[in-house]
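For reference, the structure discussed in these notes is given below.
The values are calculated or read from the model by the stated rules, or taken from the named source; none is laboratory data. Bear in mind the structure is a predicted one, so any value in this text is a computation, not a measurement. Every residue, glycine as well, gets a Cβ built from its backbone with ideal geometry; the counts of neighbours run over all protein chains shown.
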Amino acid sequence: MKRIVMTVIAAFLAAGVLTAQEDAASITQRIEVTRQYVPELGEAQKLDFPPRMADTVTLKPDISYAITPTPWKSVFDTEPIAPVAISTAEYRHQRPFYLMLGGGYPAQSRLDFYAAFSTPRDIRAGVYANHVGQWAKLENERGTKEPASWTENGVGLYAGRDFGTRSLDFDIRYGYNYYTTMDKVWTGYMEPENIYYHKVQTSLTFGDAFTDLSRFNYRFGIAGSLWGTVVENPAASAFADFGWKAGRRGAVVVGASFEGAWNDWDTGDWYAALVPEYRLRTDRLSLHVGVKFYYDSFRLSATDCGSHFFVLPKVGVSYELADAFIPYASLDGEIGTGNYLELAGLNPYIHEADIAGAKRAELRGGFRGDAGDVVTYDVYAGYLIGELPYFLKTGETFVPRLAPVNLFYAGAGVGLKLPMGFGLQAGVRYDSYNNAGNFWSGRGGRVGMGIPEFTVTGRASYCYRDRFSVGISVEVLGERRFASLQNLDTAVPATVNLKVDAEYKTGPRFSIFAAGDNLLNRRIYRCLGYPALGANAVAGIRMLF
């Protein structure tokens with residue numbers, strides 16, 4: 001399961017049509033080791049199609065003290081250090097094995113292992129395993145400590161082959177996730193439930209990388225999984241992308257996709273989408289204009305079911321007046337799936353329940369720039385209207401719900417690359433939202449969705465000759481509000497999180513890392529009633545052998 005960490009990231013809005021060359025995933029998003037990534041000893045950016053892999057500690061260093069995921073993506077999140085990076089070809093011919101092993105206090109564990117088989121240059125195959133766990137007790141809302149352990153695990157096999165400009169990739173994996181619930185209520189008759197499920201996934205893709213549209217490009221992919229406490233609930237997805245040059249500077253890209261999940265085949269949610277898009281790129285102007293056609297169908301119960309057809313916009317434009325000043329604007333709409341697997345990525349402590357897929361449209365504009373690769377910045381504002389999921393706390397677990405939302409946001413982020421290996425990053429964001437009335441059991445008003453009123457982040461870092469790197473980060477979250485049966489708008493006070501990280505590379509194949517988080521020992525909530533670890537640290541090694 002992809003679990004989103006740091007403050008203001010959500011995978012829910014990322015569900016949609018898999019058209020070619022979409023924006024790369026945020027580095028702060030927690031990404032499990034899969035065949036789509038290349039092993040790296042430092043940061044990794046997800047590419048559109050070429051195989052890549054990322055390791056647990058790099059993208060998940062603070063999983064045990066993550067803030068509650070919220071339904072949007074921020075550009076301010078500070079990135080982890082990146083002391084070493086190697087390419088796929090270098091990796092295959094350097095060493096066949098990659099290992100990351102780490103542990104922390106209070107009790108935490110990390111493991112990533114990757115083994116590549118010896119194959120010809122145009123063939124790749126291997127196995128991988130990843131694990132992350134937290135085993136400490138935490139103080140509940142009644143002031144007593146209780147077990148709060150959780151673990152996420154996966155093992156898999158991948159294979160692929162290049163056929164000229166096209167590639168074929170296959171992946172199969174098994175995952176097991178377990179979460180101990182807190183604030184349990186003992187009835188004397190039944191032990192309160194913990195949450196766990198198994199998941200078996202497989203995927204197959206074939207086609208072009210969409211890097212050269214002077215010729216006709218295509219790519220197909222299918223994926224399927226079975227999941228649940230007993231592996232019996234199916235999920236499936238498929239996509240087909242086509243692209244070709246249109247005129248001297250333009251291109252046409254057409255994407256079609258299907259995604260769905262079912263719970264014992266009795267309830268479920270699925271959609272099919274078609275997205276034709278025209279793209280134009282000149283020396284200064286970048287433009288894309290498209291339309292998203294969605295057909296969505298859901299069955300949540302015998303009486304709560306239906307289907308809808310939607311037409312949503314996909315428009316974006318930017319104009320480079322100078323390297324340091326690029327105004328831009330976009331209008332985009334999207335439909336997500338409301339199945340359990342999707343929602344568990346936002347809150348793992350939910351009941352095995354589905355909701356209808358959320359629909360939203362977002363208008364965004366701003367300006368960004370890059371001054372001599374020394375200063376990069378982004379200033380923007382936006383307005384989102386539609387639906388977003390929230391999680392109603394019922395005892396020790398949560399029930400997913402949808403609420404209509406009008407969200408205004410504005411912010412800015414800046415990064416500085418200073419001489420002698422120093423760097424600075426900072427960002428600020430303001431969010432204001434309200435809900436339409438009578439959206440939940442006939443009750444109006446505002447519902448707590450975990451969205452902070454403001455977010456401030458900052459990071460200072462230093463890197464010495466690709467050997468040693470160290471950084472200190474701070475994150476300030478404004479007041480957030482969550483929903484429970486007793487109060488749909490429960491306030492959680494503002495908080496601050498202080499972090500440090502360091503890594504020392506002893507050679508081209510070995511490095512030692514360490515990181516500390518919540519060093520001010522503040523009460524930081526991932527979701528209502530589930531505090532993150534207090535002051536804690538994790539350390540370990542990465543090696544190629």
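Can you name the residue in region 383-400 that is surrounded by fewer than 19 Cβ atoms within 10 Å (Cβ to Cβ) and under 22 Å from G333 (Cβ atoms) and is also modelled with the lowest pLDDT among such residues?
Step by step, filter region 383-400, then rank; the result is I385.
Confirm whether A240 is surrounded by 15 or more Cβ atoms within 10 Å (Cβ to Cβ) and closer than 23 Å to N130 by Cα. Break it down into steps so the answer makes sense when it comes.
Details: surrounded by 15 or more Cβ atoms within 10 Å (Cβ to Cβ): yes; closer than 23 Å to N130 by Cα: no.
When the stated conditions are applied, A240 does not pass them.
Could you list, in sequence order, all residues of region 169-189 that are modelled with pLDDT under 90 and hydrophobic (A, V, I, L, M, F, W, C)?
M182, V185, W186
Would you mention how many residues in region 517-533 are part of a loop (DSSP other than H, G, I, E, B) and in contact (Cβ under 8 Å) with a residue 24 or more places away in the chain? Step through it out loud before you land on a result.
Filtering region 517-533 for residues part of a loop (DSSP other than H, G, I, E, B) gives 518-524, 528-529, 532-533.
Then drop every residue that is not in contact (Cβ under 8 Å) with a residue 24 or more places away in the chain, which leaves 518, 520, 522-524, 528-529, 532-533.
Looking only at that region, the number is 9.
With respect to E277, is the statement that it is in contact (Cβ under 8 Å) with a residue 60 or more places away in the chain, assigned to a strand (DSSP E or B) and over 14 Å from A356 (Cα atoms) true? Walk me through it before giving the result.
Details: in contact (Cβ under 8 Å) with a residue 60 or more places away in the chain: yes; assigned to a strand (DSSP E or B): yes; over 14 Å from A356 (Cα atoms): yes.
Yes; evaluated as a whole, the condition is true for this residue.
In region 322-334, is there at least one residue being farther than 24 Å from A353 by Cα, surrounded by 18 or more Cβ atoms within 10 Å (Cβ to Cβ) and among the charged types (D, E, K, R)?
Yes, because at least one residue in region 322-334 is farther than 24 Å from A353 by Cα, surrounded by 18 or more Cβ atoms within 10 Å (Cβ to Cβ) and among the charged types (D, E, K, R).
Any idea which of A251, A256, A235 is modelled with pLDDT under 90, assigned to a strand (DSSP E or B) and in contact with a strand residue (DSSP E or B) (Cβ under 7 Å, 6 or more places away or on another chain)?
None of the other options fit; the residue is A235.
Could you please let me know if R467 is surrounded by fewer than 19 Cβ atoms within 10 Å (Cβ to Cβ) and over 25 Å from G133 (Cβ atoms)?
Working: surrounded by fewer than 19 Cβ atoms within 10 Å (Cβ to Cβ): yes; over 25 Å from G133 (Cβ atoms): yes.
Yes: the conditions hold for R467.
For region 108-123, what are the residues that are assigned to a loop (DSSP other than H, G, I, E, B) and either under 24 Å from G507 (Cβ atoms) or touching a strand residue (DSSP E or B) at 6+ places or on another chain (Cβ under 7 Å) (or both)? Can you show your working first?
At the first step, the residues of region 108-123 found to be assigned to a loop (DSSP other than H, G, I, E, B) are 117-122.
Across region 108-123, the qualifying residues are F117, S118, T119, D122.
From A491, A539, A532, grab the single residue that is over 21 Å from G415 (Cα atoms), surrounded by 15 or more Cβ atoms within 10 Å (Cβ to Cβ) and in contact with a Lys or Arg (Cβ under 7 Å, 6 or more places away or on another chain). Break it down stepwise before answering.
Details: A491 fails: surrounded by 15 or more Cβ atoms within 10 Å (Cβ to Cβ); A539 fails: in contact with a Lys or Arg (Cβ under 7 Å, 6 or more places away or on another chain).
Unique residue meeting the criteria: A532.
If the requirement is being touching a residue at least 60 places away in the same chain (Cβ under 8 Å) and not in a loop (DSSP other than H, G, I, E, B), which of these qualifies: D501, D466?
Details: D466 fails: not in a loop (DSSP other than H, G, I, E, B).
Among D501, D466, only D501 is touching a residue at least 60 places away in the same chain (Cβ under 8 Å) and not in a loop (DSSP other than H, G, I, E, B).
Could you say which residue among S257, S297 is surrounded by fewer than 18 Cβ atoms within 10 Å (Cβ to Cβ), closer than 13 Å to T337 by Cα and not β-branched (V, I, T)? Let's see the steps before the verdict.
On the way: S257 fails: surrounded by fewer than 18 Cβ atoms within 10 Å (Cβ to Cβ).
Going through S257, S297 in turn, the sole match is S297.
Identify the residue in region 498-545 that is closer than 18 Å to C463 by Cα and of a type in the set (F, W, Y) and, among all such residues, is nearest to the chain's Cα centre (by Cα).
Looking at residues that are closer than 18 Å to C463 by Cα and of a type in the set (F, W, Y), I get F513.
Does D489 satisfy the condition of being touching a helix residue (DSSP H, G or I) at 6+ places or on another chain (Cβ under 9 Å) and closer than 29 Å to T397 by Cβ?
Numbers: touching a helix residue (DSSP H, G or I) at 6+ places or on another chain (Cβ under 9 Å): no; closer than 29 Å to T397 by Cβ: yes.
Spelling it out, it is not the case that D489 is touching a helix residue (DSSP H, G or I) at 6+ places or on another chain (Cβ under 9 Å) and closer than 29 Å to T397 by Cβ.
Hey, among R166, R142, R219, R124, which residue is more than 30 Å from G247 (Cβ to Cβ), modelled with pLDDT of 85 or more and not polar (S, T, N, Q)?
On the way: R166 fails: more than 30 Å from G247 (Cβ to Cβ); R142 fails: modelled with pLDDT of 85 or more; R219 fails: more than 30 Å from G247 (Cβ to Cβ).
Within the list R166, R142, R219, R124, the selection yields R124.
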